[in-house]
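Note sheet for the following structure.
The values are calculated or read from the model by the stated rules, or taken from the named source; none is laboratory data. Computed from a prediction, not measured in an experiment: that's the story for all the values here. We place every Cβ from the backbone using ideal geometry, glycine too, and count neighbours over all the protein chains shown.
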Amino acid sequence: MARFDEKGTIKGPFFLPNIAEEVGKQPVITSNRITFFKQYLPIGEADYGFIDKEGKSTTLGHHDMPGLYDFFEIPEENK
């Protein structure tokens, strides 16, 4: 849970102001990397890739995803 202040650098309905106070602990990546999916629901597609321990994301590919439950394999993912 977080409390936001009014000092955000970008204004508009889709941008949150800066986090002023936070309760709890943010997640920490303990393995070398984690997998991410970024869905583009209006066009039925998704990007996927990895996020490393330093927070750097690498997009590996793009895939058709016509529905929320149309999952797909990521060849580079360790299972």
Can you tell me which residue within the range 44-79, out of those that are under 19 Å from P27 (Cβ atoms) and β-branched (V, I, T), is nearest to the chain's Cα centre (by Cα)? I51
Segments classed as strands (runs of 3 or more DSSP E), wholly inside the range 15-72, with at least 1 members that are touching a strand residue (DSSP E or B) at 6+ places or on another chain (Cβ under 6 Å), at pLDDT below 80 and among the small types (G, A, S): 19-22
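Say we look at the range 17-46 and pick out the residues that are exposed (fewer than 10 other Cβ atoms within 10 Å of the Cβ) and hydrophobic (A, V, I, L, M, F, W, C); which of these is farthest from F72 (Cα to Cα)? Please lay out each step first, then the result.
First, pick out the residues of the range 17-46 that are exposed (fewer than 10 other Cβ atoms within 10 Å of the Cβ): 21, 23-28, 30-32, 42.
From the residues that got through so far, the ones that are hydrophobic (A, V, I, L, M, F, W, C) too are 23, 28.
Numbers: V23: 35, V28: 26 Å.
So, considering only residues that are exposed (fewer than 10 other Cβ atoms within 10 Å of the Cβ) and hydrophobic (A, V, I, L, M, F, W, C), the one farthest from F72 (Cα to Cα) is V23.
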